[in-house]
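This report concerns only the one structure given below.
Values in this text are rule-based calculations from the coordinates and carry no lab data. What you see is a predicted model, and the numbers here were worked out from it, not measured in a lab. Positions of Cβ are generated from backbone atoms using ideal geometry, with glycine treated the same way; all protein chains shown enter the neighbour counts.
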Amino acid sequence: MKKLSLLMKELESRLLFCKRCGMCQAVCPLFAETGRETDVARGKLALLDGLTQEMFKDSKGVFERLNRCLLCGSCAANCPCGVNVLEIFIKARAILTGFMGLSQAKKIILRGILAYPETFDRIMKLGFLFQKLFSRPTDEFLGTSCSRLVSPLTEDRHFKTLAPTPFHRMTAHPGRDSNQSGLKAGFFSGCLIDKVFPQIAQATVDILNYHKIDVFIPEKQGCCGMPAVSSGDMKTFEQLVRYNLEKFDAENFDYLVTSCATCAFTIREIWPMMIRKDSGALKARVKRIAKKTLDINRFLVSKVGIKESLERNDDATIVTYHDPCHLKKSLGISDEPRILIKANPDYRLKEMVDADRCCGLGGSFNLQYYKISADIGRQKCNNIKASGCSVVATGCPACMIQISDMLSKSKEHIIVKHPVEIYAESLNRKSKRISGLSQTDCDKFQKVTHT
């Protein structure tokens, strides 16, 4: 109760800044679909004004309305009063979960599995072995499947299955180089990239090696904690933060990089936001690593110095780009992934309409409210198709899952990629061009193309 009262006091002081102007209505993807005032930030904040009383009267109802949120940050990014709506909603969920407790299902998933990375990895390994029994391919081009069984959780979904080999079993650790660039980076893979899109992690490491970045990849990394904190489970969240700090504190590095937009946002913003001030040394450790954390697109452009290619290919593949909410709205990263794409002359970037409109996944929102999530996702799918592209790129593996689902169901043969995959292709292209040169000339060529 002491922890709850501290959180409550912080929350009340932030609620005062909302003027109920309604600007959040214009940008909320959920409100655009439902038209319900309780689905928009202003309605939820009005509800939270009386949280102390409501928590005792109808805590379940309050929590349910708070969960009907994508946590996309559109309201916070466009608030004229600067109200950090995401912080308020996440802390409110923590307060309500602290009061009500977790459901049995979430206890099993979060505290029984996700909180223990080695257990999580073992279960995912079993999941891969058995997934063919419960799923069947629907689109080999996009690599999506659907369920063989009728269930509320999988019905109508076209989903990406677990990769045959996760990234943590593909690479040697800790992965060091000669450090010719003078930079050293820790690499945080993230759950989805590790287990569903290991090719993104491999492309990231290949790029870092190409640019002579010393790479540190701790074994048995844990989840960043976003599923736990968004469910209000502070116990699992803090356990995962401590676990990952122990892994990465084992080595000194200049930057912690990740190819997952949500992981970058969580470590950089949510960790310092949600670790209590009275946590002492833990708070200081979290601040240090948060300050070092960069999304891979920003790291490559601002620290390594990647630039757009001056070459032009007349037969270039048309690619469009979707801005993940946690990258553009929460971290202000928009130009950098586009620069990575333009660094490959075999691709021509063509912007879609509303590139930064939420795709509708929203983590667990997609599991609880799939119909609304799919309705939002279909609009994104239509914008992608209208661009005339053959490839759609995005810097978030969760967005890749949602977009793949929507494209698969609409029978569109549009490939979904991460910007680092596109940039890595350009490095393979350069490698082929210089394969006949001597090692000295090869090094000179790489130095020229890098600058």
Under 37 °C and 0.692 mPa s, how fast does the chain diffuse according to Stokes-Einstein, given a Kirkwood radius computed over C-alpha pairs? Answer in µm²/s, whole number.
143 µm²/s
Can you list the trypsin sites (Lys or Arg not before Pro) in the stretch 215-251 that are in a DSSP coil and have 12 or fewer other beta carbons within 10 angstrom?
Lys220
Span-like helices, the chain: DSSP H, alpha-carbon axial extent 15 Å or more, mean Kyte-Doolittle 1.0 or greater, which ones?
85-100
Taking the highest mean first, how do the peptides 286-296, 139-149 order by number of other beta carbon atoms within 10 angstrom per residue?
286-296, 139-149
For the stretch 222-272, which GluC sites (Glu not before Pro) pass both filters: DSSP loop (anything but H, G, I, E, B) and at most 14 other C-beta atoms within 10 Å?
Glu251
FRET efficiency (Arg136, His413; Cβ distance; R0 25 Å; to 0.05) is 0.85
Mean residue ellipticity at 222 nm from the helices of the chain, using -39,500 (n - 2.57) per DSSP H segment of n ≥ 4 over the full residue count, to the nearest 500 deg cm²/dmol?
-14500 deg cm²/dmol
Quick one: order Ser426, Ser74 by neighbouring beta-carbon count within 10 Å, fewest to most.
Ser426, Ser74
Between Ala26, Gly143, Ala46, whose Cα lies farthest towards the positive end of the dipole of the chain when Lys and Arg beta carbons carry +1 and Asp and Glu beta carbons carry -1, centred on the Cα centre?
Ala46
To the nearest 0.05, the calculated FRET efficiency linking Leu282 and Met100 through their beta-carbon distance, R0 being 35 Å, is 0.85
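Counting other C-beta atoms within 10 Å, which of Cys224, Cys75 has the fewest, and how do the rest follow?
The order, fewest Cβ neighbours first, is Cys224, Cys75.
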